[in-house]
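Down below is the structure, laid out as structure tokens.
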Amino acid sequence: MGEVKQLSIVLLLTISIGVVGLALSQYVPTALFMSGDVVVEEYHATLYLNGTLVEDYLYDVKESNKYRMLYRIWDAPVSLKSIDYPYIEVLGIEAPEGSVGYIKDYLGVVWASSYLREIQALAEFDEVGCFNPSKFEAGKYRVRYVFRIHPPIEYDGRLCHLNLKLADEHLPYLRVTVSVEDKGFVKEVYPHPPSLKIVEGNFLEIQGSSSRDELLEVELLLKPDVLEFLDGFVKDVDNVEQATVQANMFNSAQYLFLEAFRVLVKILILAIPLILIFIYVRHGKEKSFTVPKYLSYVPNRDRKPWVVNLVFKSDALDFDENGFYATLLDLHRRGKLQITPKNKGLIIRILDSNVDDAYERRVLKVLRSLSYGEILDTDTLDSLIEEFKRSRRELSKLIRDVKYVTRKPSFRIASKFMISGRKRVGILAGLSGALLLISVLLIVTLPYMTSMSLDALLGSIVLLIQSIVAVVAPSTLFGRWKGSAYKEKLEWDSFR
């Protein structure tokens, strides 16, 4: 097969893998983190700086008679009464028709108009939701909650810092809108994830989406006047603004790094075919030779059969047992061996051990190890092997020698004819492996950005597969034949 055809196959495979891989890297995270039997089609939270928080959920239930509860869980104590540390106070629940609003507070007490026992058994602590004893039919359901938050507030005498965590373990939120009223009291706002967009007009609005179990929160730097009407738990700290800015710079840097990493992986997936073409043109393209399609004479009679098998038969670094068998026949032809067929076997007699070729000497050594008095009878091999088994060292040595002459002869001879290109494309495989390792570390270290990290992980796997295709390609495709060895390679191909 000519090099152009080999290159075409490699490029076709890498392009196909890249296209399919890019599609999967887009589809899989979406399927895992932005879809499901129940999703929140719209989530709208309105925060008033007196502490009132109104949440509107539009649930899309896609499977009937499977779910009986639509709910949200707070990562803070939920209470209907005042307590001595930060908490969430529930003011009201508007549940869909046919369902009952409920609260399970931080003590595990259930507050609902009915179905207390069922809710007690199913609900988690600090959970607010609606319960449908008949289970929800497929369709869309709107739920509204009204809370008053009593948050921890950091204060340094100049500014206040409020961090409102709206969700961390949650359903996919396809559309998110967070409105902050009383805009005049807000100095800075930091949404998480940083992909959320800030829209400023008459009021402050944050828009975007939130993948399953992705952190959704809003950090606010507020003017101290807000303490006159926001009932929170104030803690004196030093330099609130600097601490907040630094923390969010680090968070944004993580997000930007992950986003840049994702883009880099996708660019490399698309660029791999072009990189391979460049390597081929720069290091692998051979001079053109005219060779008959079918050759009726042996191209080079002086070549040892095992060298032809290793260098010219297929890939220049592939060797199989046919090279061993051809060497036996050549030694027989030259009078070094006498091979006599017998019923279902052979008798091989060693006539002359005087050979110059190192591989041929190794072959004769193996034959002598399996012989009785310079004669190898294939019918006696089983008994010979049993004898070798008594000495593990001798058996190990024999196995090593047999493996050498049938599978792994000295590959240094190949370097006289060609320069392998696998090290060049191996760099791509090494780079892909490094990117794959980085993407795994990102998944572990950035659990709230799992959907983005998974996209990068899948892309890195695709990149690694593309690189492996290039590595397993013929070793001379991205390397170089020396002198006129390529012409001889073509002649051997035509001869066969």
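What to note about this one:
- With respect to the stated conditions, Leu442 is modelled with pLDDT of 85 or more and either in a helix (DSSP H, G or I) or not charged (D, E, K, R) (or both).
- Set Leu264, Leu258: member being of a type in the set (A, V, I, L, M, F, W, C), open to solvent by 70 Å² or more (accessible area, probe 1.4 Å) and under 28 Å from Val28 (Cα atoms): Leu264
- Count of segment 37-71 residues which are open to solvent by 30 Å² or more (accessible area, probe 1.4 Å), within 27 Å of His150 (Cβ to Cβ) and hydroxyl-bearing (Ser, Thr, Tyr): 2
- Residues in segment 292-329 that are of a type in the set (Gly, Ala, Ser) and open to solvent by less than 70 Å² (accessible area, probe 1.4 Å) were compared, and the one that is modelled with the lowest pLDDT is Ala316.
- Some residue of segment 118-133 being open to solvent by less than 70 Å² (accessible area, probe 1.4 Å), at pLDDT 95 or above, within 39 Å of the chain's Cα centre (by Cα) and among the aromatic types (Phe, Trp, Tyr): no
- Qualifying positions in segment 159-185 - out of contact with any helix residue (DSSP H, G or I) (no Cβ under 7 Å at 6 or more places or on another chain) and open to solvent by 50 Å² or more (accessible area, probe 1.4 Å): Asn163, Lys165, Glu169, Leu171, Leu174, Arg175, Glu181, Asp182, Lys183, Gly184
- Residue match in segment 179-193 (condition: among the polar types (S, T, N, Q), over 21 Å from Ala247 (Cα atoms) and touching a residue at least 24 places away in the same chain (Cβ under 8 Å)): yes
- Within segment 418-437, no residue satisfies the criterion of being closer than 20 Å to Gln26 by Cβ and surrounded by fewer than 16 Cβ atoms within 10 Å (Cβ to Cβ).
- Selection within segment 353-362 - open to solvent by less than 60 Å² (accessible area, probe 1.4 Å) and either in contact with a Phe, Trp or Tyr (Cβ under 7 Å, 6 or more places away or on another chain) or part of a loop (DSSP other than H, G, I, E, B) (or both): Ser353, Val355, Asp357, Tyr359
- Unmet requirement for Leu49, which otherwise passes all of (1) in a loop (DSSP other than H, G, I, E, B); (2) hydrophobic (A, V, I, L, M, F, W, C); (3) closer than 27 Å to Val176 by Cβ; (4) free of Cβ contacts under 8 Å to residues at least 24 places away in the same chain: (4)
- Taking every residue in segment 444-466 that is among the acidic types (Asp, Glu) and pairing it with any residue that is not in a helix (DSSP H, G or I), at least 6 positions away or on another chain, yields no pair with a Cβ-Cβ distance below 9 Å.
- Selected residue (criterion: nearest to the chain's Cα centre (by Cα)) from residues of segment 439-455 that are of a type in the set (Ser, Thr, Tyr), surrounded by 15 or more Cβ atoms within 10 Å (Cβ to Cβ) and closer than 16 Å to Asn251 by Cα: Ser453
- Only a single criterion out of (1) under 25 Å from Ile88 (Cα atoms); (2) open to solvent by 80 Å² or more (accessible area, probe 1.4 Å); (3) of a type in the set (Phe, Trp, Tyr) is not satisfied by Tyr190, namely (2).
- Single residue of segment 6-29 satisfying the filter (in contact (Cβ under 8 Å) with a residue 24 or more places away in the chain and of a type in the set (S, T, N, Q)) that is farthest from Lys266 (Cα to Cα): Gln6
- Filtered by the rule that a residue be outside any strand (DSSP E or B), open to solvent by less than 60 Å² (accessible area, probe 1.4 Å) and modelled with pLDDT under 85, segment 330-352 gives a lone residue, Asp330.
- Enumeration of residues in segment 267-286 that are more than 29 Å from Val440 (Cα to Cα) and open to solvent by 70 Å² or more (accessible area, probe 1.4 Å): Phe278, Val281, Arg282, Lys285
- Enumerated strands (runs of 3 or more DSSP E) restricted to segment 123-236, each holding at least 3 residues that are among the charged types (D, E, K, R): 139-150
- Among residues of segment 111-134 that are farther than 17 Å from Trp74 by Cα, those with a beta-carbon under 6 Å from a residue that is part of a helix (DSSP H, G or I) at least six positions away or on a different chain give the pairs Ala112/Ile119; Phe131/Ile119.
- Residue match in segment 236-249 (condition: open to solvent by less than 20 Å² (accessible area, probe 1.4 Å), within 41 Å of the chain's Cα centre (by Cα) and under 23 Å from Ile73 (Cα atoms)): no
- Among the residues of segment 6-36, those that are open to solvent by 50 Å² or more (accessible area, probe 1.4 Å) and closer than 28 Å to Ser64 by Cα comprise Tyr27, Thr30, Leu32.
The values are calculated or read from the model by the stated rules, or taken from the named source; none is laboratory data. Please read these numbers as outputs of a predicted model, since none were measured by experiment. Quick reminder, even Gly has a Cβ in these numbers, built from the backbone with ideal geometry, and neighbours come from all protein chains shown. Note: areas computed on protein heavy atoms with side chains; ligands, DNA, RNA excluded. Shrake-Rupley method; radii C 1.70, N 1.55, O 1.52, S 1.80 Å.
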